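Single-structure report; data block below.
The values are calculated or read from the model by the stated rules, or taken from the named source; none is laboratory data. Predicted, not measured: the structure shown is a model, and the values here were computed from it. Neighbour counts run over all protein chains shown; Cβ positions are idealised from the backbone, glycine included.
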Amino acid sequence: MEGSRSGTAGKPIKCKAAICRKAGEPLSIEEIGVDPPKAWEVRIKILCTSLCHTDITSWKQNVEPFAIFPRIFGHEAIGVVESVGENVDEVKEGDTVLPVFHPNCGDCKSSKGNGCSVYMRRPGLTHYMPRDWTSRFRGLDGQVIYHYLRVSSFSEYTVVDVANIVKINGLYPVDRVCLLSCGVCTGVGAAWKVAGVEEGSTVAIFGLGSVGLAVAEGARLRGASKIIGVDLNPEKFEIGKKFGITDFINPSDCGDKLVSEVIKEMTNGGADYCFECIGVASVMADAFASSREGCGETVILGVETRGTPLSLNPFELLGGKTVTGCLFGGLKPKIDIPVLARKYLEKQYALKEKEEKLEVVTKPADVKEPENPVKAASEEVADTPAEVPPTEVNPPATEESSDAAADKSPVEKVEEASAAAGDADETTEASKEGNAGDAEAAEEPEIKLETAPADFRFPTTNQTRHCFTRYIEYHRCVAAKGEGAPECDKFAKYYRSLCPGEWKNGPTQALTLGYSQFLRNVLDESLIAPE
């Protein structure tokens, strides 16, 4: 990376990024140039980015207008503002922000829906900046590198339109709050804002990935009496129970019956609300057929990339059934994301206590730092996160049983999540025994991640998430305990076995469980209705 953050405003930056040069081929870690932001634009240093299945879907696309290469993927992330262009006054250098693919300009005249009429006119041009339709990325040879969904978070630095950023509290754990920029908002918002799930109602969810599980949690919080999960993978059924799913259907086990017939038998006529979270036209039709006659509502969240027509029975529509699309959970990012963050994270992670600890370890600095306080090591993310491919960092506490986790308070959960870093409790004790501020500041480890190996292969499964979760946990442990510490051996063993030069598909249960348990921990009981 060239230069310090404080000296790069208005200048091009060199940094590392994961580049996709051809559909379905491995990403390559390359050095690129990132232009300074123009008017109404913000340049962001990415702190943490996660992998959404839409990234994988787009990575596979080899037909225009989707197949635009070379390209930088990634759209779920959190970062710090490095510099701003002209006419930007809602954020400043050092602010913590979520870059969001769904624009919210704040100037739209209509208050209906969450679409932005100003920036949705050219939805196919998300490979460019939305105002002048040019790119801010260049290869060192001058070649244009295209954007993705207005975010491109698989880079150490990115440039985003001001309509696509949301300012948030800098105290939130970055490896948790980054999920609010897509998956969690999409699922939970679909349940409580688009559908408006009512207490005592019945719900059917087709597809139990991260979005489907978020829908289930949203429906549970709204008081649904029966939540049916439909998925071909039986390993997801046990996971779904932690999100309030009460019944499960594996289409392979239905014999001669249609899934819709089974659901109608289970709900005495059909589910009140059906959610399609896969992106397959035939499954969308199944979801519609599974909804209750006369009043059932079907919400489509999945992305159908094949252009397959959707065929529905018009008489069922005439009778009162409805079907609606859902983009970003029906939420307006700048308005609703801060509400979700406050409801979920502040109450779950007891920020008042965390603020006190952070103030103790804050160090004076000559160079202006971001206004969010120095993070405790339990929340530390690599200084150069984009040197490795995208990752969702799951708290180590997810390996506990659900029963044990349920008995613990939010503060205990945070302390357990901090155990992998091995410093949160230790620094607290040290502060009690000796010179608190100086001792903790001196012991605060600086965490560095190594550049991904040259033979890196981008997998088509969730192996990426699990591999690099262990990778980061290992380096956290080394930073806290020292090189060769026996406590770090297990993390080294995990990430080295999961991150070989040639990727191999492994069992999905452990991969899904980590993300699912994390999401379940993040969602708080307080979200019963929108504000």
Only one of (1) modelled with pLDDT of 90 or more; (2) not in a strand (DSSP E or B) is not met by Val166, so which one is it? (2)
Do any strands (runs of 3 or more DSSP E) lying entirely in the stretch 176-256 carry at least 2 residues that are free of Cβ contacts under 8 Å to residues at least 40 places away in the same chain, and which ones are they? 226-230, 247-249
Flag if Ser4 is at pLDDT below 90 and buried (at least 22 other Cβ atoms within 10 Å of the Cβ): no
Out of Val63, Val81, Val151, report the one residue that is at pLDDT below 95 and under 24 Å from Leu179 (Cβ atoms). Val151
For the stretch 224-283, how many residues are among the acidic types (Asp, Glu) and under 16 Å from Ala195 (Cβ atoms)? 2
Condition broken by Thr158, with the remaining ones in (1) in a loop (DSSP other than H, G, I, E, B); (2) at pLDDT 90 or above satisfied: (1)
Residues located in the stretch 224-259, provided they are touching a Gly at 6+ places or on another chain (Cβ under 8 Å), surrounded by fewer than 19 Cβ atoms within 10 Å (Cβ to Cβ) and at pLDDT 95 or above: Ser225, Asp247, Phe248
Going by the conditions given, is Val283 crowded, with 16+ Cβ neighbours inside 10 Å, in a helix (DSSP H, G or I) and of a type outside the set (Phe, Trp, Tyr)? yes
Tell me which residues, restricted to the stretch 301-331, are at pLDDT 85 or above, within 17 Å of Gly207 (Cα to Cα) and part of a loop (DSSP other than H, G, I, E, B). Leu301, Gly302, Cys326, Leu327
Looking at the stretch 193-203, can you tell me whether even one residue there is buried (at least 24 other Cβ atoms within 10 Å of the Cβ), small (Gly, Ala, Ser) and not assigned by TED's automatic domain parsing to the domain that holds Cys20? yes
So which residues in the stretch 261-295 are under 14 Å from Thr202 (Cα atoms), out of contact with any strand residue (DSSP E or B) (no Cβ under 7 Å at 6 or more places or on another chain) and small (Gly, Ala, Ser), if there are any at all? Gly269
Just one listed residue, out of Ile165, Ile228, is closer than 25 Å to Ser260 by Cβ and hydrophobic (A, V, I, L, M, F, W, C), and it is Ile228
For the stretch 31-54, which positions are modelled with pLDDT under 90 and either under 13 Å from Pro12 (Cβ atoms) or out of contact with any strand residue (DSSP E or B) (no Cβ under 8 Å at 6 or more places or on another chain) (or both)? His53, Thr54
Evaluate the stretch 48-64: report whether one residue or more is over 22 Å from Glu31 (Cβ atoms), in a strand (DSSP E or B) and in the same structural domain as Gly142 (by TED's automatic domain parsing). yes
Mind listing whichever residues of the stretch 285-308 are in contact (Cβ under 8 Å) with a residue 40 or more places away in the chain and within 20 Å of Ile56 (Cβ to Cβ)? Leu301, Gly302, Val303, Thr305
